[in-house]
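What follows is a set of notes on a single structure, which appears directly below.
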Number of protein chains: 2
Amino acid sequence: MKELKKALADNAKAVNGVLDDILMMGVGPEARVVEAMRYTSLNSGKRIRPFLVTASANLFNVDEAAALRVAAAVEFVHCYSLIHDDLPAMDDDDLRRGKPTCHIKFDEATAILAGDALLTKAFEVLADENTHGNSSVRVELISALAKASGAAGMVGGQMLDLFAEDHPLQMPEITRLQRMKTGSLIAVSCEMGAILGRASEKALHALHAYAHDVGLAFQIADDLLDVEGDEKEVGKKTGKDAAAGKATFVSLLGVERAREQAEILAKQASAHLEIFEDKGSLLSDLALYVVNRNT
Amino acid sequence: MKELKKALADNAKAVNGVLDDILMMGVGPEARVVEAMRYTSLNSGKRIRPFLVTASANLFNVDEAAALRVAAAVEFVHCYSLIHDDLPAMDDDDLRRGKPTCHIKFDEATAILAGDALLTKAFEVLADENTHGNSSVRVELISALAKASGAAGMVGGQMLDLFAEDHPLQMPEITRLQRMKTGSLIAVSCEMGAILGRASEKALHALHAYAHDVGLAFQIADDLLDVEGDEKEVGKKTGKDAAAGKATFVSLLGVERAREQAEILAKQASAHLEIFEDKGSLLSDLALYVVNRNT
């Protein structure tokens with residue numbers, strides 16, 4: 001676990017460097033949108049998704065610079081989704097990672113545009129030959145990321161989440177919602193590492209199964225933090241789901257069983273990595289880490 | 001001009017068919033976002049940008065099916081930008097193409113998500129091997145579209161446009177704003193036709209110069225419609241710029257000179273097409289058409 005924490009910190013630092021390089025400030029009044037993109041992207045986030053990209057890529061000895069650029073693209077998509085989800089018309093959140101959300105710091109229009117531009121930038125980065133010399137690898141990365149983040153993935157999940165506000169969902173529906181909303185970007189992070197590594201079908205399936213379990217475990221841990229977490233540590237408003245009367249894993253299973261379930265999923269996730277032997281240890285530790293984090 | 005009108009109508013019909021095929025309705029409550037995507041995309045729009053793609057591609061005898069899929073991707077980006085620009089936090093428009101705007105018909109959250117999903121879909125379509133068999137052509141298309149629509153292009157232009165609401169701009173700044181906001185998507189439409197056609201540098205430059213002039217002419221015509229157009233015919237609220245005290249080509253040049261300027265630009269645009277001889281006639285007619293349209 002100590003090794004993982006160091007790897008996470010090193011990775012976050014490296015990813016921040018790449019994000020910073022890519023998001024160069026412009027001149028002219030329109031640079032306000034770049035400022036907003038930088039404000040949301042360059043922060044102290046844990047960079048779990050970028051880590052999944054680079055750690056998955058490492059299983060196949062992928063060039064680090066390529067993996068980091070792909071990791072940056074995934075983080076851009078994640079940050080865009082945070083900006084748009086935080087908007088007043090959506091989840092209406094003022095606080096994120098301990099800082100005012102983008103539309104509070106800037107304004108709603110700038111936040112909408114910053115999200116749009118981050119999403120666009122993700123695809124621009126992936127299409128760039130500096131990311132990978134082989135164009136067929138690049139289109140595969142783009143295709144995977146687009147499918148995971150569009151209406152059949154992350155965006156569809158957010159739509160379901162809004163629907164859930166006044167339609168109490170049951171376990172199978174919540175599982176589906178979370179698989180789309182959070183799980184699809186987590187899964188594609190691992191998948192992109194595998195694409196970079198030209199992984200075998202077998203390795204790809206193992207990573208996919210791992211990502212599926214980690215994604216759900218991550219979400220259950222998130223729901224637990226919403227109930228039990230300290231607002232200052234978590235860096236965003238807690239108790240929101242209960243206040244909104246929204247069904248979550250925790251409201252349906254109870255705290256105890258939800259925690260058990262998250263731990264079972266984490267162990268299950270690790271088990272899928274056996275084919276990678278020692279090389280899978282960081283990803284395996286990450287599965288335990290996501291269920292035991294306090295932020 | 002009669003030939004152009006038929007070509008525009010045929011193209012719009014073909015593009016609508018492709019859009020309809022791509023945006024398949026899903027099941028489950030999240031299909032609401034697809035419904036909103038379809039609502040905004042499948043309508044009676046003139047499909048100028050898709051036409052620029054297919055007409056440019058035709059200069060190089062590109063396969064029609066490929067050109068139509070690329071045209072659909074550009075239209076997705078255009079439609080996403082309309083949805084987001086119409087939001088209350090942006091231009092706050094209730095009417096578009098004679099129908100309630102997306103956030104009026106659905107709600108703000110759904111409109112934001114529908115825009116996000118349309119943008120994502122554009123890149124998914126371009127990355128798909130059904131669009132073009134050669135992956136290096138596909139990444140070139142993606143790269144061009146991402147650059148044109150991101151912070152350095154369309155999104156940056158919209159940011160400038162918001163800035164212009166309380167900072168009266170002069171001609172050079174308005175020209176730059178419009179080149180980013182409207183011009184970049186018009187230019188990339190022609191460029192993508194050229195990429196599909198593996199055009200020579202010379203042909204690419206000619207098309208680029210054409211698109212630059214058409215883009216500005218198009219915008220001046222838009223400003224004229226805002227002043228002189230009939231709200232019912234135009235299909236959106238008119239007189240908005242003047243009411244907001246916003247500087248436009250028309251407010252700076254006056255109606256007469258603005259119209260002259262648009263016509264000069266249209267002729268200049270046509271002149272750039274000479275190297276294509278007869279094959280350029282539809283694009284040449286289009287330049288005249290955009291300055292003389294009444295919707």
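The set of residues in the range B:137-152 that are within 14 Å of A:ALA117 (Cα to Cα), hydrophobic (A, V, I, L, M, F, W, C) and either in contact with a Phe, Trp or Tyr (Cβ under 9 Å, 6 or more places away or on another chain) or more than 8 Å from every other protein chain (Cβ to nearest Cβ) (or both) comprises B:LEU145, B:ALA146, B:ALA148. Count of the range A:20-64 residues, restricted to those that are under 29 Å from A:ALA287 (Cα atoms), without any contact (Cβ under 8 Å) to a residue 60 or more places away in the chain and of a type in the set (Gly, Ala, Ser), is 2. The range B:236-282 holds helices (runs of 4 or more DSSP H) entirely within its bounds, and those carrying 1 or more residues that are closer than 28 Å to B:GLU3 by Cβ and in contact (Cβ under 8 Å) with a residue 24 or more places away in the chain map to B:255-271. Being part of a helix (DSSP H, G or I), more than 7 Å from chain B (Cβ to nearest Cβ) and without any contact (Cβ under 8 Å) to a residue 60 or more places away in the chain is the filter here; which residues of the range A:100-136 pass it? Matches in the range A:100-136: A:HIS103, A:ILE104, A:GLY115, A:ALA122, A:LEU126. Scoring B:ARG96 on the criteria (1) modelled with pLDDT of 95 or more; (2) more than 8 Å from every other protein chain (Cβ to nearest Cβ); (3) in contact with an Asp or Glu (Cβ under 9 Å, 6 or more places away or on another chain) leaves a single failure, condition (1).
Of the residues making up the range A:207-230, at least one is part of a helix (DSSP H, G or I), surrounded by fewer than 19 Cβ atoms within 10 Å (Cβ to Cβ) and at pLDDT 95 or above. The helices (runs of 4 or more DSSP H) found wholly in the range A:22-87 and carrying at least 1 residues that are buried (at least 21 other Cβ atoms within 10 Å of the Cβ), within 14 Å of chain B (Cβ to nearest Cβ) and of a type in the set (Gly, Ala, Ser) occupy A:31-41, A:64-86.
The values are calculated or read from the model by the stated rules, or taken from the named source; none is laboratory data. What you see is a predicted model, and the numbers here were worked out from it, not measured in a lab. All Cβ positions, even for glycine, are placed from backbone atoms using ideal geometry, and neighbour counts span all protein chains on display.
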